[in-house]
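Down below is the structure, laid out as structure tokens.
The values are calculated or read from the model by the stated rules, or taken from the named source; none is laboratory data. Being a predicted model, the structure only gives us computed values, none of them experimental. Please note: Cβ atoms are built from the backbone with ideal geometry, for glycine as well, and neighbour counts cover all protein chains shown. For the accessible areas, the whole protein counts, side chains as well, though only heavy atoms, and no ligand, DNA or RNA atoms are used. Shrake-Rupley method; radii C 1.70, N 1.55, O 1.52, S 1.80 Å.
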Amino acid sequence: MVYLITGGTGFVGSYVAKELLKRGDKVVAYDFMQSNVMQQILEPEEISQITIVIGAITDLARICRVIKEHKVDKIIHLASLLHPYSDNFPDEAVQVNIVGQTTILEAMRIMDVKKLVYASSVVVYGNQSSHDKLVLDNDARHAPVSMYGATKSFNEYLTNHYTKTWNLDTLGLRYTLVYGPGRVRGATAFINALTEPALGNKAIVPFGDDVVDWQYVEDIAALTVKCSDVGPTKTKIFNTRFDVRSIREAGEYVKKLIPEAEIEYREGKFGLAWQLDDTLLQQEIGFKPQFPMERGLKNLINYIRRVNNLPEYE
Ligand SMILES: NC(=O)c1ccc[n+]([C@@H]2O[C@H](COP(=O)([O-])OP(=O)(O)OC[C@H]3O[C@@H](n4cnc5c(N)ncnc54)[C@H](O)[C@@H]3O)[C@@H](O)[C@H]2O)c1
């Protein structure tokens with residue numbers, strides 16, 4: 001199969017590309033810039049197998065040409081501006097996130113692309129304080145509290161409209177907190193503070209009173225690719241849930257791994273409604289994450305040790 005990954009040289013995109021290459025699929029990575037995340041994550045021989053196309057996500061003609069030239073079968077759409085960038089530059093957020101999603105749906109419709117898997121986010125639900133229930137159903141009310149969340153929420157409605165009107169095969173995934181080597185952008189990169197002790201530094205960890213849903217990036221890539229393999233699903237946009245654990249529990253694990261670690265927690269909560277009910281995803285797709293928080297954090301910490309020529313932790 002030939003895949004077009006938008007945002008393909010970014011964080012999640014690089015891991016999705018790696019996962020597809022492992023299976024022998026062909027990858028076209030379409031991105032505004034060739035970020036160094038891909039160079040960090042993939043081996044040079046893997047990168048050499050990827051066709052990287054530099055282009056804007058709003059350039060419909062170019063995307064249609066790329067689909068035609070490379071005979072693209074499926075699209076994984078990840079290009080997006082994140083939070084807080086989207087709040088600071090709302091005009092750009094509308095262009096990249098909303099016009100970008102429209103462009104991909106138009107390209108899919110015009111070029112008869114078989115399947116679209118796209119990234120939505122837990123941010124469509126906004127803060128926990130906006131909801132009566134702790135664990136949110138797949139069709140819980142959207143209550144975004146940021147430009148980023150509002151664009152993701154609109155994109156779900158937009159995609160459902162295209163899906164119904166033109167009978168497209170689309171599938172959206174509401175990722176929660178995706179972490180791992182190469183995660184540098186976006187507000188939830190705050191959890192990287194927990195890795196400071198890997199380099200002998202004190203960790204000052206914000207939101208010490210919160211829980212988050214730890215989604216290790218290799219699991220997210222595997223789930224995303226798995227979703228691209230299935231035929232049309234009854235549900236078109238899925239909640240996801242991997243490993244809901246507290247920030248302090250993660251800190252305790254870091255202390256176990258690095259006994260000399262010094263960790264200070266700042267009070268407060270990030271505040272998102274982190275706990276999603278993924279029953280529909282399990283019924284219609286079925287996915288078991290392979291990286292509980294401990295395994296994911298250990299991988300991330302050992303990656304940091306490796307790139308700094310330090311011995312890894314057992
Ligand atoms: N990382 C997370 O925790 C998380 C959580 C929920 C949802 N998501 C979603 O997952 C997707 C991937 O996120 P990520 O963490 O890999 O972010 P990322 O910033 O690493 O990747 C996004 C990519 O989009 C590209 N891009 C931005 N503007 C563009 C434009 N105008 N034209 C073409 N490409 C453009 C960027 O260059 C970047 O490589 C996004 O849709 C994001 O909203 C991520």
Tally up the carbon and sulfur contribution to the accessible surface of segment 108-171 as a whole percent, 1.4 Å probe, everything protein left in place. 52 percent
Local electrostatic count, A61, Cβ distance below 13 Å [Lys/Arg +1, Asp/Glu -1]: 0
Can you give the local net charge around I98? Use residues other than it whose beta-carbon is closer than 12 angstrom to its beta-carbon, Lys and Arg +1, Asp and Glu -1. -2
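Rolling a 1.4 Å sphere over the protein heavy atoms, what is the accessible area per residue of the chain, to the nearest Å²?
Heavy-atom accessible area per residue stands at 44 Å².
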Return the percentage of antiparallel bridges among DSSP beta bridges fully within segment 167-314, rounded to the nearest 5 %. 25 percent
In debye, nearest 20: dipole of the chain around its Cα centre with unit charges on the Cβ of K, R (+) and D, E (-)? 640 debye
Mean separation of Cα contacts under 8 Å (6+ apart) over length of segment 125-229, as relative contact order %: 21 percent
Extreme residue, positive dipole direction of the chain, given options I52, A93, H83 (C-beta unit charges): I52
Using alpha carbon centroids, what distance separates segment 240-314 and segment 178-238, in Å? 8 Å
Ranked by how many other beta carbons lie within 10 Å on average, peptides 247-260, 103-116 from highest: 103-116, 247-260
Give me the net charge of G180's neighbourhood, meaning all other residues with Cβ under 12 Å from the Cβ of G180; Lys, Arg count +1, Asp, Glu -1. +2
Considering only the chain, percent of DSSP beta bridges that pair antiparallel, nearest 5: 10 percent
